[in-house]
Each structure stands twice: as structure tokens, then as C-alpha cells.
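Undergrad: My questions will all concern the structure given below.
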Amino acid sequence: MAWRTFYDAYFDRLWRYLLVVAAGNEDAAREALQGALVRVTRHIKIFRDESVFWNWLTVLARSAFADEAKKRRRYFSFLDRFTRHTRVELDGVKERQVEARLQGLLERHVALLPPDERNLVEQKYYAHRGVREIANELQITEKAVESKLSRVRRKLKDAVLAELNHESQG
Amino acid sequence: MNHKADNDPLLADVLAEAAPADFRDAMLGETLRQVRRRRRWRQTRRAAALLVALGLCGIFIWQKNLPPRPMAPAPALAVKTVAKNYQLIQTRPFPVSAIMATQPLAAGQFIASAGTVARIRTSGGNYRVINDDELLALVASHPAVLIRTGPRSEELVFANPDDQAGFPLN
């Protein structure tokens, strides 16, 4: 029960954090998240302060990511040499920086969307309008609205992750 | 429109886009599986360590209870040894408890299995009393005198002391 509560509360947060740490590499972030969650079960203890707990989680997540990166480098060192695989400055990655970087990237790429797509995102997420309402206004079906939103989100995700990757290489 | 505050649901949806539908549940299941596997491995390792410790204890106890082995002859040393022209034998008296003593039987308990006395048999009527002349005639070849020592006792004394011990009669 306690594990489920923890999981629901911190899964998304850790996932975002590791996406930034892994410079948008979803596979690496996924493996690191898995490792971090296992480490949490092994080393969990009582914390008086939530921020201290979160800092502890980020340390676990970074060390899990570093270990996974080492494993990958061991197995794919040859490939790494040619692909110049992502190298991340682990120590400087803080929670605020992660959120700020993700939010900033997202906002920038929302702004770069074509007007109709940007309008759709704004209606759904900033004006908090329902899909049916948007569909009525645009004179299309709800399914079409969902489909468009899905495409836009995918586009934004690809753009954000690509830029994270680009930043880390730069 | 200031989107900063409203970006969180969008960011969550964007990052969740194209992820497997059961990403969270799959991750949870995999974490639990790994934790169980680690626990099983830890238990197996503890049991193996216990068995090894017990085995070592058993060997140690067995070695302690072995009878002492005779010392192997020391390897030849560079010390020059002088050959002895005698063989040293060391003896020790038996302990009192190892000695069995015997005592002579009492006279009443002694039974001889072989005869110790020569048995002779005499028969009456086969002899006659001789007079002094007949006696002197018997020892005529050995000079002797008959000395009367009392009214009914006489002693025959030989001139040659060797004849006193006896001699064969013809």
C-alpha cells in the first residue's frame, strides 16, 4: 500500500527528471527509472522533509542512470565511439532546472506549432475546454479532435526530447 | 496568455504520449519482480553461507577429534650428525596395576600329582641272626675289630676309614 502511494506520487516526477538527465533518451531513462525504483525498495528509510526525500530520490535516480550508462558503454562501446552517445553532466541536474528546462522547451515548441495546432492545445490545456466542446466549435468529430491532439502531443514530445539531446551534445 | 502555470498537465500528457499504455503498470510489475528475485537470491546466498560455515565447523571438529599422527621424519637438515655405535633402548617399569603377582599355596592345599617317595616292600622270615665270628668272617677281607660297648651292644670299627662308608660283599 505504501509502495503504491509512493509510486503514484513520484513515478511521473522521476520519469521527467530522468528524461532530462538522459537528455531525452527514453530507453536510457526507462532503464534508469527501473533501477532507481529497485534501489528505492532496497534503501528506503524515513525522511522528515519531503524536499530531502526528493533530493535522495534524485541521487538514487542519477546513480542508477550512471550505472546503466556504464553498462551500455561496456556493451556498446564500439557503437558509442561512432555515434558519440549522449553524455550528461549528472551532478548539476537539479529538480528546478529539470522542471524549468522541460517547461521552457515545451512552451517554446508550443509557440512554434502551426496556428491551428497551437489553438487546439491552448483550448484543451490552457482554456480547459472539453473535447466535445472543441469538436463542436471546430465542426469535427470528437475522435478527430483526440486524434489531432495525439499527433500534436507526439510532435511536441519528439521536439522536446530532440532538443534535450541537442543541448546535451552542444 | 501565460501558460507557465498550466503547462503541467500538458507536459505530463506530452511525455506520456506514445508510451505503452501499461507503461506504469509494467514498470511496477518489473520492479516487484526484480525485488522478489533479489530477495530470493539473498536468501539462497544466506543459506549457502550457512551451509559452508556448518561444513567448515564439521571439518574443524573432525580434525580436532582425530588421533595424533606420528610425526613424519624431519627432512634432512644440513646439520652434520654423528653415527652412534650403540642402540639406545629406553624402558619403563610397568605400572603396579599391570603386574600380576602369585602366592604359594598353603601346605594343606598342595596336591602332588607325581610320587615323591620311593615305596619299598619287605617280607618277613627271610633272614637269620649271625654271631660275632660269622660277622667277622663276612668282612674278613677288610681288617676290622668288634668293640663291645654294652651288655647287648657292639660296634664294628674298620681299620681303613674308607671301609667305614661301606663296601660290596662277595
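Undergrad: Say R0 is 25 Å: what FRET efficiency, to the nearest 0.05, do A:TRP56 and B:THR44 get from their beta-carbon distance?
TA: Numbers: r = 30 Å, r/R0 = 1.19.
FRET efficiency, A:TRP56 to B:THR44: 0.25.
Undergrad: Now a separate question. Obtain the nm distance between the two label points defined at B:VAL82 and B:ILE120 by a simple spin-label model: each point lies 7 Å from its Cα along the Cα-to-C-beta direction.
TA: It is 7.3 nm.
Undergrad: Would you mind putting B:121-129, A:42-50 in packing order, based on average other-beta-carbon counts within 10 Å, highest first?
TA: Numbers: B:121-129: 5.7, A:42-50: 8.9.
By packing density, highest mean first, the sequence is A:42-50, B:121-129.
Undergrad: Please average, across the residues of A:144-150, the number of beta carbons from any other chain that are within 10 Å of each residue's own beta carbon, and give a whole number.
TA: Values: counts 0, 0, 0, 0, 0, 2, 3.
Average per residue, whole number: 1.
Undergrad: Among B:GLY150, B:ILE130, B:ALA107, whose Cα projects farthest towards the positive end of the dipole of the stretch B:95-154, with charges put on the beta-carbon of Lys, Arg (+1) and Asp, Glu (-1)?
TA: B:ALA107
Undergrad: Continuing with the same structure: Mind checking the alpha-carbon convex hull of chain A and giving the volume per residue in Å³?
TA: Numbers: hull volume 26.3 nm³, N = 170.
It comes to 155 Å³ per residue, whole-number rounded.
Undergrad: Quick check on packing: order B:28-35, A:10-17 by the mean number of other C-beta atoms within 10 Å, highest mean leading.
TA: On the way: B:28-35: 14.8, A:10-17: 20.1.
Highest-to-lowest ranking by the protection proxy: A:10-17, B:28-35.
Undergrad: Taking 7 Å along the Cα-to-C-beta vector as the label spot, tell me the B:GLU155-B:PHE23 distance in nanometres, rounded to one decimal.
TA: 15.7 nm
Undergrad: Between A:ALA100 and A:GLU137, what FRET efficiency comes out of the Förster formula 1/(1 + (r/R0)^6) with R0 = 56 Å and r the beta carbon distance, rounded to 0.05? Please list the in-between numbers first.
TA: Values: r = 33 Å, r/R0 = 0.59.
About 0.95, to the nearest 0.05.
Undergrad: Once whole DSSP H runs in chain A are found, which of them have Cα atoms spread over 20 Å or more along the helix axis and a mean Kyte-Doolittle score of at least -1.0? Provide the component values of the computation, followed by the final result.
TA: Values: long enough: A:2-21 (27 Å, 0.11); A:26-43 (25 Å, -0.48); A:50-75 (37 Å, -0.63); A:95-111 (24 Å, -0.66); A:142-169 (40 Å, -0.93).
Answer set is A:2-21, A:26-43, A:50-75, A:95-111, A:142-169.
Quick note: the coordinates plus some simple rules give every number you see, no bench work behind them. A quick note: this is a predicted structure, and the numbers were derived from the prediction, not measured. For neighbour counting, all protein chains shown are included, and Cβ atoms are generated from backbone atoms with ideal geometry for every residue, glycine included.
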